[in-house]
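Asker: This is the structure I want to talk about, given as structure tokens.
Laboratory data are not the source of any read-out in this text; all were calculated from the coordinates shown. Keep in mind the model is a prediction, meaning the values are calculated, not measured. Note: ideal-geometry Cβ built from the backbone for every residue, glycine included; neighbour counts use all protein chains shown.
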Amino acid sequence: MSFRALLAVWMSKFVTIGLKIMGRGATSLPGVIAQRVYLLLPDRLLRQIDTCVIVTGTNGKTTTTELLYAMLHSDDEPWLVNRGGANLIQGILATLLQKTNWRGRLTVKRVLLEVDEATMRLVLPSIRPQVLVLTNVLRDQLDRYGEIDQTIMLLRNAAWGADTTLVTNADDPLCVAISSINQKPVFFGYAPMESTDETSVVDLVSGNQVRDGAFCEKCGALLSYERYFYGQMGIYACPECSFKRPELSFAGRVLDAGTAASQLCVNEYAATQDWRPSEDREFLVPNPLKGLYNAYNLLAATSAARTLGVSPSRIAEASKRFIQPLGRMQVFPGHPERILSLIKNPTGADSVLSTVAQDAREKMVCFVINDNFADGRDVSWLWDVDLEVFVENSPSTRYVCAGTRAADMALRLAYAGVDRLDIKIVDDTEALLLVGNEEALPVYVLSTYTALHPLVSLLTHAQPKEFRGKAVSAS
């Protein structure tokens with residue numbers, strides 16, 4: 001390694017030490033500094049990796065990555081992972097530098113990376129993953145990605161490769177279209193029992209909900225759906241050509257949804273569109289997460305882990321002790337109880353709001369909407385969120401808006417039918433700590449990315465001492 005590359009490594013380590021002394025996180029800044037010193041440092045470190053697994057897609061990357069890491073990592077087989085959603089090249093570099101010695105050599109050879117879709121083009125020239133997990137493909141941050149065709153093109157390039165096994169979502173027609181370029185696709189999908197009532201896990205579906213994959217990617221015809229799960233996820237087929245939901249390698253359904261005993265029942269090599277239980281191919285995984293979209297994340301991680309040879313018992317044990325990532329339906333116990341969740345695009349917001357609506361308690365809802373670079377400057381996606389259905393079905397009594405685009409969010413709520421007297425705009429996120437205090441109602445705080453970590457810190461420090469350190473995932 002050249003002197004300049006070594007200098008970049010050394011500077012990153014000094015920056016990390018300084019941040020730790022100041023009590024700050026070091027998710028990306030050491031990578032930013034190191035890359036400014038030596039632009040090619042990510043390439044030099046990525047080429048040292050022996051085994052690489054990448055998780056990408058629009059929604060669910062962080063949760064899926066954390067779940068998969070819990071299933072893969074052990075003292076005997078250590079894995080390195082980029083945590084906290086640090087999925088841009090600077091965050092990936094900062095993660096690699098954590099396990100790089102002063103001579104510029106990686107000390108861990110197995111790496112699990114969460115990678116932003118647009119960042120894939122910066123990573124793939126240096127390394128081809130053994131397994132690529134593609135969660136879903138949705139319209140997201142128009143100012144960064146453009147329309148969804150651009151995202152599909154980026155992910156097609158990522159899925160190509162004879163040595164890469166693609167583990168992807170069969171219920172998403174856009175994922176299936178992308179998989180056609182891969183020689184070894186492995187499909188997972190949701191397979192509910194028709195004879196049981198699963199309305200508690202199947203999201204609210206409305207005719208106004210955005211469906212990005214409504215048309216066949218092969219011939220352009222309107223896809224015919226037998227059933228929707230959420231967004232464009234569902235059981236579908238093209239009436240004009242052979243394109244349809246493929247046969248599943250892993251099928252999953254949620255048992256005892258919304259309870260502490262909830263489990264994901266996984267059936268390997270089940271037939272398409274037909275749940276056929278078989279004891280020798282079926283196993284149960286504790287489901288610590290809330291919402292159908294999170295059941296997909298658990299199924300994606302389980303499918304990838306099984307593809308990598310992890311036993312069902314180890315997967316179940318990892319899921320049992322799993323702690324939800326920051327700001328993903330994260331509960332802060334107290335009086336009132338506060339629940340924090342990330343929203344960043346229409347389908348993701350619809351899924352979170354559907355989960356919020358399933359909480360039968362009277363509650364309050366706060367939206368913290370920023371338009372910084374990592375959030376996306378364009379907030380027009382707020383108008384594609386199906387707030388009308390949420391307002392109609394949720395017993396929320398009052399809404400609070402904060403962030404740099406608080407006024408835009410307030411206007412959207414007004415058009416969704418919320419009485420303007422029930423909408424309050426606050427200039428400072430610290431004012432959110434007063435929300436719900438008088439009424440003692442649970443407060444849901446839905447936030448874009450750049451407000452998320454400051455809110456985690458704010459809500460943690462605001463908890464009464466008896467609740468400190470007890471933030472958990474909603475269940």
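Asker: Suppose R0 equals 45 Å; then what is the FRET efficiency for THR397 and LEU255 from their Cβ-Cβ distance, rounded to the nearest 0.05?
Answerer: That pair, THR397 with LEU255, gives E of 0.85.
Asker: Right, next: Could you pull out every residue, at least 5 positions away or on a different chain, whose amide H is within less than 5 Å of the one on SER396? Hs are placed 1.01 Å off N in the peptide plane, and Pro or chain starts have none.
Answerer: Amide H to amide H, under 5 Å and 5 or more residues apart or across chains, SER396 pairs with LYS363.
Asker: Could you work out the relative contact order of the chain? I mean the mean sequence separation of Cα pairs under 8 Å and 6+ apart, divided by the number of residues, in percent.
Answerer: Values: 976 pairs, mean separation 61.5, N = 475.
RCO, the chain: 13 percent.
Asker: Taking the DSSP beta bridges in the chain as the whole, what percent of them are antiparallel, to the nearest 5? Don't jump to the answer; show the numbers that get you there.
Answerer: Values: 25 of 65 bridges.
Close to 40 percent.
Asker: Once phi is turned into ³J(HN,Hα) by the Karplus curve 6.51 cos²θ - 1.76 cosθ + 1.60 with θ = phi - 60°, what whole-Hz value does each residue of segment 62-68 show in order, with x for glycine and proline?
Answerer: Working through the residues one at a time gives 5, 5, 4, 4, 5, 4, 5 Hz.
Asker: Most exposed first by the Cβ proxy, i.e. fewest other Cβ within 10 Å, how do SER313, SER179, SER303 rank?
Answerer: Values: SER313 9, SER179 24, SER303 28.
Starting with the residue having the fewest Cβ neighbours, the order is SER313, SER179, SER303.
Asker: On to the next question. Regarding segment 48-320, what are the three Cα extents along the principal axes, ordered largest first, in Å?
Answerer: Its Cα atoms span 60, 41, 31 Å along the three principal axes.
Asker: Does a label point 7 Å from the Cα of LEU122, set along Cα-to-beta-carbon, have any residues of segment 50-66 with amide nitrogen under 18 Å, and which are they?
Answerer: 54-58, 62, by backbone N distance to the label point.
Asker: OK, next. Can you sort THR397, THR165, THR51, THR95 from fewest to most other Cβ atoms within 10 Å of each residue's own Cβ? Can you show the working numbers first?
Answerer: Numbers: THR397 12, THR165 19, THR51 16, THR95 27.
Listed from fewest to most nearby Cβ atoms, that is THR397, THR51, THR165, THR95.
Asker: Moving on to the next point. Give the order of ILE21, ILE315, ILE89, ILE323 when sorted by the count of other beta carbons within 10 angstrom, beginning with the fewest. Provide the component values of the computation, followed by the final result.
Answerer: On the way: ILE21 8, ILE315 27, ILE89 19, ILE323 12.
Going from least to most buried by this count: ILE21, ILE323, ILE89, ILE315.
Asker: If you don't mind, another one. Starting from the Cα-Cα distance between ARG321 and GLU77, subtract it from 0.36 nm times their residue separation and give me the gain in nm to one decimal. Mind showing how you got there, number by number?
Answerer: Working: separation 244, 0.36 × 244 = 87.84 nm, distance 1.81 nm.
Contour length minus Cα-Cα distance gives 86.0 nm.
Asker: Follow-up. Shape call for segment 276-365 from the C-alpha gyration tensor, a ≥ b ≥ c root eigenvalues: rounded (a/c under 1.5), prolate (a/b greater than b/c) or oblate? Please list the in-between numbers first.
Answerer: Numbers: a/c = 2.29, a/b = 1.99, b/c = 1.15.
It comes out prolate by the Cα gyration axes.
Asker: Return the percentage of antiparallel bridges among DSSP beta bridges fully within segment 48-320, rounded to the nearest 5 %.
Answerer: Details: 19 of 41 bridges.
Antiparallel bridges: around 45 percent, rounded to the nearest 5.
Asker: Per DSSP H run of at least 4 residues, take -39500 (n - 2.57); add these up for the chain, divide by its residues and hand me the 222 nm value, nearest 500 deg cm²/dmol. Provide the component values of the computation, followed by the final result.
Answerer: On the way: 15 runs with 151 residues, N = 475.
-9500 deg cm²/dmol, from helical runs alone.
Asker: Please list, in order along segment 315-324, the HN-Hα scalar couplings obtained from phi with the Karplus expression 6.51 cos²θ - 1.76 cosθ + 1.60 (θ = phi - 60°), rounded to whole Hz, x for Gly and Pro.
Answerer: Taking θ as phi minus 60°, the curve returns 4, 5, 5, 5, 5, 5, 9, 5, 10, 4 Hz for segment 315-324.
Asker: A further question on this structure: For segment 79-96, in order, what is each residue's ³J(HN,Hα) by Karplus, 6.51 cos²θ - 1.76 cosθ + 1.60 with θ = phi - 60°, in whole Hz (x at glycine and Pro)?
Answerer: 10, 9, 9, 8, 9, x, x, 7, 9, 8, 4, 5, x, 5, 5, 4, 5, 4
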